[in-house]
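A.B. asks: Sharing a structure with you now.
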Amino acid sequence: MKLLLHVCCGPCTIFPLSVIRQEGIKVSGYFYNPNIHPFREFKKRKESVRLMAEHFGFHITLEHSYGLVDFLRKTVFHEQERCPICYDFRLSKTAEFARDNGFDAFSTTLLYSRYQNHQALIDTGHRLAETFGLSFFYRDFREGWQEGIDISKSLDLYRQSYCGCIYSEQESFDKHLKKKLFRQKAQTQP
Ligand code: SF4
């Protein structure tokens with residue numbers, strides 16, 4: 001089987017790549033993430049993917065174009081249900097690339113994250129596989145959560161603090177702000 005692995009970032013790729021290779025599957029990577037905001041964050045994550053790929057001898061195609069406008073056009077007014085839209089956006093392009101470049105199957109490192117909607121990813125993957133005449137390769141990569149973190153830290157790979165889009169960036173700031181206010185309140189209480 002020739003498999004195309006959609007790659008969201010360097011750290012999330014480490015464990016899925018090791019599982020796929022252990023199964024003897026020929027795998028290449030594909031970085032396509034127009035959801036990432038802002039541009040300097042996009043560049044940081046892309047560079048971390050490049051370094052990870054170099055370290056593991058992993059062939060990867062990097063989509064360098066920054067697709068913020070297209071991403072926002074799909075998600076504005078759908079902020080609460082944006083994640084399945086985001087999966088569809090990224091995996092459609094991955095499946096198209098896989099079909100056009102002679103791959104039999106595709107998968108995604110998003111299946112490694114404990115923070116993603118795992119079932120929505122599975123459903124999207126199977127639906128797109130049917131549309132593009134491919135197989136969707138599914139494994140529950142979340143099993144290697146800690147292993148992936150430990151290795152990415154030992155390699156000193158860039159590790160992001162939010163999922164990627166402008167909305168998730170804002171949510172992460174909200175969380176930090178809430179924690180800060182809570183600490184301040186605790187300190188001022190007698
Ligand atoms: S939170 Fe993550 S998965 Fe959801 S829309 Fe934003 S970048 Fe995409």
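A.B. asks: Convex hull volume of the Cα atoms in the chain, per residue, in Å³?
C.D. replies: Details: hull volume 26.4 nm³, N = 190.
Cα-based convex hull of the chain, divided per residue, equals 139 Å³.
A.B. asks: Quick one: compute the contact order of region 2-164, relative version, from alpha carbon pairs under 8 angstrom and 6+ residues apart, as a percent.
C.D. replies: On the way: 237 pairs, mean separation 53.0, N = 163.
It rounds to 32 percent for region 2-164.
A.B. asks: If amide H atoms are built 1.01 Å from N in the plane of the peptide, which residues on other chains or at least 5 residues away come under 5 Å of the amide H of residue 29?
C.D. replies: 5, 59, 60, 61
A.B. asks: Anything over 27 Å Cα to Cα? Flag those among 43/185; 74/175; 44/93; 43/153, in the order listed.
C.D. replies: On the way: 43/185 37 Å; 74/175 25 Å; 44/93 22 Å; 43/153 19 Å.
The pairs that break the limit, which is 27 Å between Cα atoms, are 43/185.
A.B. asks: Here is a follow-up. Given 0.36 nm per residue, what is the gain on full extension from residue 40 to residue 180 after removing their alpha carbon distance, in nm? Display every interim value, and only then the final one.
C.D. replies: On the way: separation 140, 0.36 × 140 = 50.40 nm, distance 2.55 nm.
Difference between extended and current length: 47.8 nm.
A.B. asks: What does the highest-first list of 53-60, 75-82, 41-48 look like by mean Cβ count within 10 Å?
C.D. replies: Details: 53-60: 14.0, 75-82: 12.0, 41-48: 17.6.
Packing proxy ranking, top to bottom: 41-48, 53-60, 75-82.
Laboratory data are not the source of any read-out in this text; all were calculated from the coordinates shown. Every value quoted in this text rests on a predicted model; they were computed, and no experiment measured them. Cβ sites come from the backbone with ideal geometry, for glycine too, and all protein chains shown count toward neighbours.
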